[in-house]
Amino acid sequence: MKLCITAAGSDLNAATDAAFGRAPWFVLIDTDSGAAEGLENTNAQATQGAGIAAAQAMSEHGVDAVLTGRLGPKAKTALEASGIAMYEGLGNSTVAEA
């Protein structure tokens, strides 16, 4: 499974970030192999539509599930439409701990 964890940095040692659409980085983890890849969120500073753009990026990268602190309603709708599972409530930790 490919899991996305919202983060402040690009690797497993980075702090998690509670926001989905506004998170500076997404760390994509292959839960079978343990491989991790940092993906910069180029839409984090967008005036609007950051959550929808982030959801589109997850779909394009073949993500199966997102782990984050919170999701906005438009991001939820976009992820749901793409068949991506959503897990909210991510607390303060590192990506590796999450």
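The values are calculated or read from the model by the stated rules, or taken from the named source; none is laboratory data. This one's a predicted model, so the numbers in the text were calculated from it and none came from an experiment. With ideal geometry, Cβ positions are generated from the backbone for all residues, glycine too; neighbour counts draw on all protein chains shown. Each accessible area value is taken on the protein alone, full model and side chains, heavy atoms only, with ligands, DNA and RNA left out. Shrake-Rupley method; radii C 1.70, N 1.55, O 1.52, S 1.80 Å.
In debye to the nearest 20, how big a dipole does the range 1-62 give about its Cα centre with +1 on each Lys and Arg Cβ and -1 on each Asp and Glu Cβ? It would help to have the intermediate numbers written out before the result.
Working: 2 positive and 7 negative charges, 46 e Å.
Using only the charged Cβ atoms, the result is roughly 220 debye.
Per DSSP H run of at least 4 residues, take -39500 (n - 2.57); add these up for the chain, divide by its residues and hand me the 222 nm value, nearest 500 deg cm²/dmol. Please list the in-between numbers first.
On the way: 2 runs with 20 residues, N = 98.
Taking each H run of at least 4 residues, the total per residue is -6000 deg cm²/dmol.
Farthest toward the dipole's positive end in the chain, which of Ala46, Cys4, Val95, given Cβ charges of +1 (Lys, Arg) and -1 (Asp, Glu) about the Cα centre?
Towards the positive end, the residue furthest out is Ala46.
Just grab the label-to-label distance for Thr47 and Ser59, each label 7 Å out from Cα along the Cβ direction, in nm (one decimal).
Label-label distance for Thr47 and Ser59, simple model: 2.5 nm.
If I model a spin label at Glu97 and Glu40 as a point 7 Å from the Cα along the Cα→Cβ vector, what separation in nanometres do I get?
With each label point 7 Å from Cα toward Cβ, the separation is 2.7 nm.
What does the accessible area per residue of the range 11-90 come to in Å², with a 1.4 Å probe and no ligands, DNA or RNA counted? Walk me through the intermediate numbers first.
Values: 4290 Å² over 80 residues.
For the range 11-90, the solvent-accessible area averages 54 Å² per residue.
For the chain, with all protein chains present and a 1.4 Å probe, just round the carbon and sulfur fraction of the accessible area to a whole percent.
47 percent
Quick one, which of (i) 19, 57, 23, 1; (ii) 15, 52, 31, 2; (iii) 15, 44, 33, 8, 0 is the actual P(r) over Cα pairs in 10 Å bins from 0, in percent calculated for this model?
Derived directly from the coordinates: (i).
Over the chain, with a Gaussian network built from C-alpha contacts below 10 Å, which listed residue (Thr47, Thr16, Thr31) shows the highest mean-square fluctuation?
Residue with maximal mean-square fluctuation among Thr47, Thr16, Thr31: Thr47.
Would you mind checking the range 1-26 for residues with the amide N under 12 Å from a putative spin-label position 7 Å along Cα→C-beta of Met86?
20-21
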